[in-house]
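I have placed the structure first, in the form of structure tokens, so that the comments after it can refer back to it.
The values are calculated or read from the model by the stated rules, or taken from the named source; none is laboratory data. This one's a predicted model, so the numbers in the text were calculated from it and none came from an experiment. All Cβ positions, even for glycine, are placed from backbone atoms using ideal geometry, and neighbour counts span all protein chains on display. For accessibility, only protein heavy atoms count, side chains too; no ligands or nucleic acids. Shrake-Rupley method; radii C 1.70, N 1.55, O 1.52, S 1.80 Å.
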Amino acid sequence: MKRSAINDIIREADAFIRSFGYIMPPFAYWSPQEAKARQVDSSAVFTSRLGWDITDYGQEKFDELGLFLFTVRNGRYEDMKKGMGMLYAEKIMISRKDQLSPMHRHNIKAEDIINRGGGKLVLELFMHDRDGGIDPKAEVSVPVDGTIHRLPAGGLLKLDPGQSVTLLPGVWHAFWAEGKDVLIGEVSTVNDDLTDNVFREPIGRFSNIDEDVAPVHLLVSDYEKWLG
């Protein structure tokens with residue numbers, strides 16, 4: 001993706017999020033220079049990989065295959081091992097109309113996916129087999145706001161604004177917005193996008209960036225390169 005396109009997506013996403021009354025935290029608006037200056041007093045922002053995340057999964061067709069994410073808060077796996085401390089994470093995301101987030105599952109993370117507003121959020125769901133792959137026959141059983149919904153393998157679950165689904169580790173899912181763009185909330189156990197995403201197809205989690213202009217804000221995938 002071109003950095004100029006990423007900058008435009010950030011500006012458009014910020015306006016879309018604000019239209020629903022959701023206000024981003026102050027660190028969302030740090031310039032790259034301010035982020036670099038805040039590495040010591042705000043190190044948790046960077047070590048927990050909080051911030052902007054825009055991906056086309058390395059396929060360079062963002063409008064068809066992609067997702068906007070912003071990680072608002074995130075705990076540590078060390079705390080999960082101890083069973084105490086900050087064991088949770090929160091993201092705000094945008095799925096554009098008919099934009100696919102591809103089939104994947106998580107080994108560790110349990111998550112609530114919440115339609116915060118816009119169109120319908122459609123999820124295609126499968127259970128996992130004994131080896132962690134997709135079970136093409138098993139019935140899918142997931143809680144939607146506390147009520148169990150059962151679907152055939154590969155069934156489509158459609159969430160209206162205000163509805164949410166709980167996905168436990170191992171549940172395969174792909175999703176997209178139907179009708180119009182959707183603002184998505186995610187509340188989960190600790191999030192690790194570096195190691196805890198298993199995709200059905202061989203695909204990248206982060207975008208390859210063409211630095212045609214300077215970044216307006218850094219992405220989480222920029223931190224190592226830009227901040228060292």
(request) Pick out the one residue from 2, 91 that is surrounded by fewer than 21 Cβ atoms within 10 Å (Cβ to Cβ), within 21 Å of residue 209 (Cβ to Cβ) and at pLDDT 95 or above. (result) 2
(message) So residue 225 ticks every box in (1) open to solvent by 70 Å² or more (accessible area, probe 1.4 Å); (2) farther than 16 Å from residue 45 by Cα but one. Which box is left unticked?
(response) (2)
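When the stretch 130-148 is examined, which residues are found to be assigned to a loop (DSSP other than H, G, I, E, B) and under 23 Å from residue 112 (Cβ atoms)? Steps first, answer last, please.
Within the stretch 130-148, the subset assigned to a loop (DSSP other than H, G, I, E, B) is 130-133, 135-139, 145-146.
Across the stretch 130-148, the qualifying residues are 132, 135, 138, 139, 145, 146.
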(message) Could you check the stretch 26-56 and list, in sequence order, the residues that are part of a loop (DSSP other than H, G, I, E, B), touching a residue at least 24 places away in the same chain (Cβ under 8 Å) and among the basic types (Lys, Arg)?
(response) 49
(request) From (1) assigned to a strand (DSSP E or B); (2) under 20 Å from the mean Cα position of the chain (by Cα); (3) surrounded by fewer than 15 Cβ atoms within 10 Å (Cβ to Cβ), pick out the condition that doesn't hold for residue 176. (result) (3)
(message) I need the full set of residues from the stretch 109-129 which are touching a strand residue (DSSP E or B) at 6+ places or on another chain (Cβ under 7 Å), over 29 Å from residue 23 (Cα atoms) and assigned to a loop (DSSP other than H, G, I, E, B), in order please.
(response) 127
(request) Please give the number of the condition residue 68 fails out of (1) assigned to a loop (DSSP other than H, G, I, E, B); (2) open to solvent by less than 30 Å² (accessible area, probe 1.4 Å); (3) not basic (Lys, Arg). (result) (1)
(request) Considering only residues that are part of a loop (DSSP other than H, G, I, E, B) and of a type in the set (A, V, I, L, M, F, W, C), look in the stretch 6-25 and name the one that is nearest to residue 226 (Cα to Cα). (result) 24
(message) Just to verify a result, which residue in the stretch 185-214, among those that are buried (at least 17 other Cβ atoms within 10 Å of the Cβ) and under 18 Å from residue 60 (Cα atoms), is nearest to the chain's Cα centre (by Cα)?
(response) 206
(message) If residue 55 satisfies all but one of (1) of a type in the set (S, T, N, Q); (2) open to solvent by less than 70 Å² (accessible area, probe 1.4 Å); (3) under 19 Å from the mean Cα position of the chain (by Cα); (4) over 21 Å from residue 175 (Cβ atoms), what's the number of the condition it fails?
(response) (4)
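Can you spot a residue in the stretch 82-91 that is of a type outside the set (S, T, N, Q), touching a Gly at 6+ places or on another chain (Cβ under 8 Å), more than 25 Å from residue 52 (Cβ to Cβ) and in a strand (DSSP E or B)? It would help to see each step written out before you state the result.
Taking the stretch 82-91 and keeping what is of a type outside the set (S, T, N, Q), we get 82-91.
Still in the running and touching a Gly at 6+ places or on another chain (Cβ under 8 Å): 85-91.
Subset that is more than 25 Å from residue 52 (Cβ to Cβ): 85.
With in a strand (DSSP E or B) added as a condition, the list becomes none.
No, the conditions are met nowhere in the stretch 82-91.
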(request) Scan 190, 171, 140, 182 and give me the residue that is β-branched (Val, Ile, Thr), touching a residue at least 40 places away in the same chain (Cβ under 8 Å), in contact with a Leu (Cβ under 7 Å, 6 or more places away or on another chain) and over 22 Å from residue 220 (Cβ atoms). (result) 171
(message) Let me confirm something: among 80, 84, 24, which residue is at pLDDT below 95 and surrounded by 15 or more Cβ atoms within 10 Å (Cβ to Cβ)?
(response) 80
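Given the options 160, 181, 196, name the one that is in contact with a helix residue (DSSP H, G or I) (Cβ under 8 Å, 6 or more places away or on another chain) and either more than 17 Å from residue 92 (Cα to Cα) or of a type in the set (D, E, K, R) (or both).
Working: 160 fails: in contact with a helix residue (DSSP H, G or I) (Cβ under 8 Å, 6 or more places away or on another chain); 196 fails: in contact with a helix residue (DSSP H, G or I) (Cβ under 8 Å, 6 or more places away or on another chain).
Going through 160, 181, 196 in turn, just one is in contact with a helix residue (DSSP H, G or I) (Cβ under 8 Å, 6 or more places away or on another chain) and either more than 17 Å from residue 92 (Cα to Cα) or of a type in the set (D, E, K, R) (or both): 181.
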